Amino acid sequence: MEFAELIKTPRVDNVVLHRPFYPAVEGTLCLTGHHLILSSRQDSTEELWLLHSNIDAIDKRFVGSLGTIIIKCKDFRIIQLDIPGMEECLNIASSIEGFSALSTLDSVTLMYPFFYRPMFEVIEDGWHSFLPEQEFEFYSSATSEWRLSYVNKEFSICPSYPPTVIVPKSIDDEALRKVAAFRHGGRFPVLSYYHKKNGMVIMRSGQPLTGTNGRRCKEDEKLINATLRAGKRGYLIDTRSLNVAQQARAKGGGFEQEAHYPQWRRIHKSIERYHVLQESLIKLVEACNEQTHNMDRWLGKLEASNWLTHVKEILTTACLAAQCIDREGASVLIHGTEGTDSTLQVTSLAQIILEPRSRTIRGFEALIEREWLQAGHPFQQRCAQSAYCSSKQKWEAPVFLLFLDCVWQILRQFPCSFEFNEHFLIMLFEHAYASQFGTFLGNSESERCKLKLQQKTMSLWSWVNRPSELSKFTNPLFEANNLVIWPSVAPQSLQLWEGIFLRWSRSSKYLDEAYEEMVNIIEYNKELQAKVNVLRRQLAELETEDGLQESP
């Protein structure tokens, strides 16, 4: 399809734009194949450049010949365009709806990342910044019990796994093939995290396909037991309730039987998925956008959304996994049904709790690459729609946003332990839903390979890791903390993430000013500290000289 077919009216003059925190501005509205642009002739006014892929839904209204289009964005922003002329308004609305549909269908190669050409100098190729081989190198200095396997080289065993995975050294590739046939989607247990302090590990996988007749797989049992030390027990954390896990057996799925895995204790922690999470997000955003609440109504709607309950469930399970590793000295295997949603939330949050490296900017980027992108979280499906779209699909769910919210909760409780700030998390949320970069396109490594994203698009990390951008995302309070950090999951400790959910309904002007002042104070303090160090050195030199002069 040619973009021109979708553009019935490419430009309209005298359009008035209304958006949060800016005065209304009149200008020329232009439609391109990927953007909706409003340009004013006033020099001081910032232009609006909005990706079609960022548009979640639109509403139309007419008063006489004046048409109004309300644009609801995936980042929760709401923009209003007043367009003179009913025909022009209908044409613009029709084009926007056509382009929005493109971004949710299979026509991925028509999306903006395939056409975007960076205006900045590319210092680092982000596509090669975080390879499994580099992660393995980090662990291999501490253990020789694991190996890199290329059994999935052609994505033949597991379409949602990367070509390279880390597995126990004692398990050969033939055994891995048998285990893959026994696990949902071919997702056999692989290493997610190695705890250098005591050698315990977190593994992740899909559910075992035990079915109603209690099918077993000796190779699977051997693989999982290969991670245990002599005389040690392990924990199987299933992110479904026992009831849901038992129901899965009727559909050919199931869970590990105690009789076949006697050294493992199974724990069920129910984490919601799919439409339950999507409905929760819709209710929360609706509550946050409603400006006329009294206190009871606001608190009632916030509670009815259940969003913070989901945050609590995920954080509680991540803390449990971290506790098993660090305090119990036991290895952990985590899975739900597919192993591509709640499993990844738990494995990645457990690493943020346990591993100081994951709390640095590059370490967190590596975590997202390893535990989300390479691990097969279906970003294209989950982030196809946000909180406003009325045409409900089966696969949308704010799984990644919930993970980022959980990270923000920990960041808020440990403000000095993270090298990145809240803006970094918000930026990742925005790019997961609509981006000029190819990083979050596709649902798995195999899809990204077929789309040739490395050759045809730019990586988000190539842009983020430039010094000029990094400075915006760096936490001025950061002091490296090599300890395990234990967040509180008590209801009183969890808060609504205002930076995401109230960002377009309440100005952050004063918070931004306070933040700037804090940065200035920290910089000034560093300057004073440097002067103190210089003066101390000079004093020490003078005292040494005096001592030499006094000696006979």
Identity of the residue in segment 521-552, among the acidic types (Asp, Glu) and closer than 20 Å to Pro476 by Cβ, that ends up most open to solvent (accessible area, probe 1.4 Å): Glu527
Only one of Leu502, Leu494 that is in contact with a Lys or Arg (Cβ under 7 Å, 6 or more places away or on another chain) and not charged (D, E, K, R): Leu494
Residues within segment 88-116 that are open to solvent by 60 Å² or more (accessible area, probe 1.4 Å) and without any contact (Cβ under 8 Å) to a residue 40 or more places away in the chain, tallied: 4
Selected residue (criterion: nearest to Ser342 (Cα to Cα)) from residues of segment 283-321 that are of a type in the set (Ser, Thr, Tyr) and at pLDDT 95 or above: Thr317
Close pairs from segment 254-266: first among the basic types (Lys, Arg), partner not in a loop (DSSP other than H, G, I, E, B), Cβ under 6 Å, at least 6 apart: Arg265/Tyr235; Arg266/Leu236
Cβ pairs under 7 Å, 6+ apart, first in segment 211-226 and under 14 Å from Ala180 (Cβ atoms) and modelled with pLDDT of 95 or more, second open to solvent by 40 Å² or more (accessible area, probe 1.4 Å) and part of a helix (DSSP H, G or I): Cys217/Lys178; Glu219/Lys178
Some residue of segment 457-476 being open to solvent by less than 40 Å² (accessible area, probe 1.4 Å) and among the aromatic types (Phe, Trp, Tyr): yes
Index of the failed condition, Leu460 passing every other in (1) more than 30 Å from Lys197 (Cβ to Cβ); (2) in contact with a Lys or Arg (Cβ under 8 Å, 6 or more places away or on another chain): (2)
Pairs with Cβ under 7 Å, 6+ apart, first in segment 295-313 and among the β-branched types (Val, Ile, Thr), second surrounded by 14 or more Cβ atoms within 10 Å (Cβ to Cβ): Val311/Leu402; Val311/Asp405; Val311/Cys406; Val311/Gln409; Val311/Leu494
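Please go through segment 7-18 and pick out each residue that is open to solvent by 30 Å² or more (accessible area, probe 1.4 Å) and either β-branched (Val, Ile, Thr) or closer than 17 Å to His35 by Cα (or both). I'd like the intermediate steps shown before the answer.
Let us first name the residues in segment 7-18 that are open to solvent by 30 Å² or more (accessible area, probe 1.4 Å), namely 7-8, 10-11, 13-14, 16, 18.
Result: Ile7, Lys8, Pro10, Arg11, Asp13, Val16.
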Residue among Arg215, Arg249 that alone is under 32 Å from the mean Cα position of the chain (by Cα) and not β-branched (Val, Ile, Thr): Arg249
Residue in segment 102-117 that is among the small types (Gly, Ala, Ser) and more than 30 Å from Leu460 (Cα to Cα) present: no
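Residues that are within 26 Å of His275 (Cβ to Cβ) and open to solvent by less than 10 Å² (accessible area, probe 1.4 Å): which helices (runs of 4 or more DSSP H) entirely in segment 293-362 hold 3 or more of them? Full working, then the answer.
Details: elements: 295-305, 307-326, 342-354.
Where helices (runs of 4 or more DSSP H) fall fully within segment 293-362 and carry at least 3 residues being within 26 Å of His275 (Cβ to Cβ) and open to solvent by less than 10 Å² (accessible area, probe 1.4 Å), they are 307-326, 342-354.
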Checking Phe429 against (1) touching a Lys or Arg at 6+ places or on another chain (Cβ under 9 Å); (2) within 30 Å of Met518 (Cβ to Cβ); (3) open to solvent by less than 10 Å² (accessible area, probe 1.4 Å); (4) in contact (Cβ under 8 Å) with a residue 60 or more places away in the chain, the condition it does not meet: (1)
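Restricted to segment 134-149, and to residues that are closer than 30 Å to Val464 by Cα and surrounded by 12 or more Cβ atoms within 10 Å (Cβ to Cβ), which residue is nearest to the chain's Cα centre (by Cα)? If you could, list the steps in order and put the result at the bottom.
Taking segment 134-149 first, the residues closer than 30 Å to Val464 by Cα are 134-141, 148.
In the following step, the residues that additionally are surrounded by 12 or more Cβ atoms within 10 Å (Cβ to Cβ) were identified as 134-136, 138-140, 148.
Values: Gln134: 21, Glu135: 19, Phe136: 22, Phe138: 23, Tyr139: 24, Ser140: 27, Leu148: 26 Å.
The qualifying residue nearest to the chain's Cα centre (by Cα) is Glu135.
List the strands (runs of 3 or more DSSP E) inside segment 1-76, counting only whole elements, that have at least 3 residues being in contact with a Cys (Cβ under 8 Å, 6 or more places away or on another chain).
35-39, 55-63, 66-73
Taking the conditions exactly as written (under 34 Å from the mean Cα position of the chain (by Cα), closer than 30 Å to Leu502 by Cα and either part of a strand (DSSP E or B) or among the basic types (Lys, Arg) (or both)), does Leu102 satisfy them or not? First the steps, then the outcome.
Details: under 34 Å from the mean Cα position of the chain (by Cα): yes; closer than 30 Å to Leu502 by Cα: yes; either part of a strand (DSSP E or B) or among the basic types (Lys, Arg) (or both): no.
Against the criterion (under 34 Å from the mean Cα position of the chain (by Cα), closer than 30 Å to Leu502 by Cα and either part of a strand (DSSP E or B) or among the basic types (Lys, Arg) (or both)), Leu102 does not qualify.
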Residues satisfying the stated conditions in segment 269-288, i.e. part of a helix (DSSP H, G or I) and open to solvent by 60 Å² or more (accessible area, probe 1.4 Å): His275, Glu279, Lys283, Glu286
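The values are calculated or read from the model by the stated rules, or taken from the named source; none is laboratory data. What you see is a predicted model; the values in this text were computed from it and never measured. Don't worry about glycine lacking a Cβ; one is built from the backbone with ideal geometry, like all the others, and counts go over all protein chains shown. Side chains are part of the model used for accessible areas, which takes the heavy atoms of the whole protein and leaves out ligands, DNA and RNA. Shrake-Rupley method; radii C 1.70, N 1.55, O 1.52, S 1.80 Å.
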